[in-house]
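A short write-up of the structure that comes next.
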Amino acid sequence: MEKNKGILYTGERMIPGETPDVFFFEHLQRYYFIKDLCKNKAVLDVGCGNGYGAMFLANYAKEIVGVDIDDEAIKNARRLYIKNNLRFFLTEASGSKLRNKKFGVICSFEVIEHIKNQKKFLLDAKKLLGKNGVFVISAPNKLIVSPNSKKPSNPFHIKEFDYTQFKNFLEKYFKNVEIYGQITKSKLNNLVYIIRYIRNNKYFFYVSIVMLNLIKLIFKNTNMWKYQKNFNKSVKILEKNKGKYVITKKNVENSSNFIAICKNVF
């Protein structure tokens with residue numbers, strides 16, 4: 001498999017083969033969590049990045065479309081992930097390429113915090129839902145990623161939510177909203193929170209980017225994360241470690257990430 005090209009690794013975008021395990025499995029777990037929802041459905045992945053998640057769901061969906069506004073990400077997705085029922089477009093959810101198209105499931109993971117007009121983003125996605133369609137959206141917990149700041153500490157984020165804010169926002173547009181929390185129970189959990197704190201402190205964020213790319217340079221010939229590009233192998237590892245990367249309804253308010261399943265039917 002070819003490598004990603006033209007994408008600076010900042011740690012903000014999940015790139016198989018370049019992302020430390022603890023973050024890789026957190027991301028993959030979100031797609032794994034909704035795989036049964038996507039069976040034999042038309043699925044849209046909004047903010048698909050380099051397309052790894054859409055490729056995973058293509059094993060379950062009738063058809064899947066991945067969209068992103070990053071040209072390099074879409075170029076990589078088209079080059080790396082090829083399947084008969086999978087397509088990628090450089091567009092927003094409101095783009096003309098999706099006009100008159102309806103989806104049974106729309107997912108958007110770790111995207112909304114990057115959006116300035118979040119209301120429009122949600123309405124655009126909602127218009128693309130078919131009858132009884134399901135919208136699945138995730139977002140980081142503001143109390144975890146920007147604990148001491150009114151504004152997002154992460155320079156890539158525009159607006160973040162705590163649990164109540166996220167719930168109230170989604171319930172303005174959907175009749176039925178179930179919110180789950182994602183919790184990492186790895187032995188490296190404390191280290192993960194330290195890393196998150198450092199990365200979400202604006203004074204250290206850009207230093208962390210340099211450090212991440214230095215680590216990549218040092219380990220570039222070891223293929224230490226090569227298995228991440230093999231979905232079957234990655235999924236088997238994830239399934240063996242279900243207890244480490246948990247999506248649950250327990251203690252949601254204090255979870256590092258929220259995942260909401262939104263419907264317009266009760």
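The values are calculated or read from the model by the stated rules, or taken from the named source; none is laboratory data. Worth saying up front: this structure is predicted, and the values here are computed from it rather than measured. Counting neighbours? That spans all protein chains shown, and the Cβs are built from the backbone with ideal geometry, glycine included. Surface accessibility is based on the protein's heavy atoms, side chains included, excluding ligands, DNA and RNA. Shrake-Rupley method; radii C 1.70, N 1.55, O 1.52, S 1.80 Å.
Has region 173-192 got any residue that is modelled with pLDDT under 85, touching a His at 6+ places or on another chain (Cβ under 9 Å) and not in a loop (DSSP other than H, G, I, E, B)? No, the conditions are met nowhere in region 173-192. Restricting 210, 246 to residues that are modelled with pLDDT under 85 and among the β-branched types (Val, Ile, Thr) narrows the list to 210.
In the set (1) under 16 Å from the mean Cα position of the chain (by Cα); (2) open to solvent by less than 20 Å² (accessible area, probe 1.4 Å); (3) among the hydrophobic types (A, V, I, L, M, F, W, C), residue 156 fails one condition alone, (2). Out of 167, 126, 116, 101, which single residue is within 20 Å of the chain's Cα centre (by Cα) and part of a loop (DSSP other than H, G, I, E, B)? Among 167, 126, 116, 101, only 116 is within 20 Å of the chain's Cα centre (by Cα) and part of a loop (DSSP other than H, G, I, E, B). The residue that is least open to solvent (accessible area, probe 1.4 Å), among those in region 232-266 that are closer than 18 Å to residue 106 by Cα and of a type in the set (Val, Ile, Thr), is 259.
Could you tell me whether region 59-68 includes any residue that is more than 24 Å from residue 132 (Cβ to Cβ), free of Cβ contacts under 8 Å to residues at least 24 places away in the same chain, outside any helix (DSSP H, G or I) and touching an Asp or Glu at 6+ places or on another chain (Cβ under 9 Å)? For region 59-68, residues more than 24 Å from residue 132 (Cβ to Cβ), free of Cβ contacts under 8 Å to residues at least 24 places away in the same chain, outside any helix (DSSP H, G or I) and touching an Asp or Glu at 6+ places or on another chain (Cβ under 9 Å): present.
When you look at residue 153, is it assigned to a loop (DSSP other than H, G, I, E, B), without any contact (Cβ under 8 Å) to a residue 40 or more places away in the chain and hydroxyl-bearing (Ser, Thr, Tyr), yes or no? So residue 153 fails the test. When region 123-138 is filtered for residues that are open to solvent by 60 Å² or more (accessible area, probe 1.4 Å) and more than 16 Å from residue 176 (Cα to Cα), only 127 remains.
Residue by residue through region 54-70, note down the ones that are open to solvent by less than 60 Å² (accessible area, probe 1.4 Å), closer than 21 Å to residue 228 by Cβ and in contact with a helix residue (DSSP H, G or I) (Cβ under 8 Å, 6 or more places away or on another chain). Don't jump to the end; show me each part of the working.
So the first thing to find is which residues in region 54-70 are open to solvent by less than 60 Å² (accessible area, probe 1.4 Å), and the list is 54-58, 61, 63-68, 70.
Restricting the remaining residues to those that are closer than 21 Å to residue 228 by Cβ gives 54-58, 64, 66, 68, 70.
Scanning region 54-70 gives 54, 55, 56, 57, 64, 66, 68.
Only one of the numbered conditions (1) surrounded by 14 or more Cβ atoms within 10 Å (Cβ to Cβ); (2) modelled with pLDDT of 90 or more; (3) of a type outside the set (Gly, Ala, Ser) is not met by residue 120, and that is (1). Taking the criterion of being surrounded by fewer than 17 Cβ atoms within 10 Å (Cβ to Cβ) and assigned to a loop (DSSP other than H, G, I, E, B), the residues of region 71-86 that qualify are 82, 83, 84, 85.
Have a look at 146, 153 and point out the one that is in contact with a Pro (Cβ under 8 Å, 6 or more places away or on another chain) and more than 18 Å from residue 109 (Cβ to Cβ). Write out each step before concluding.
Numbers: 153 fails: in contact with a Pro (Cβ under 8 Å, 6 or more places away or on another chain).
None of the other options fit; the residue is 146.
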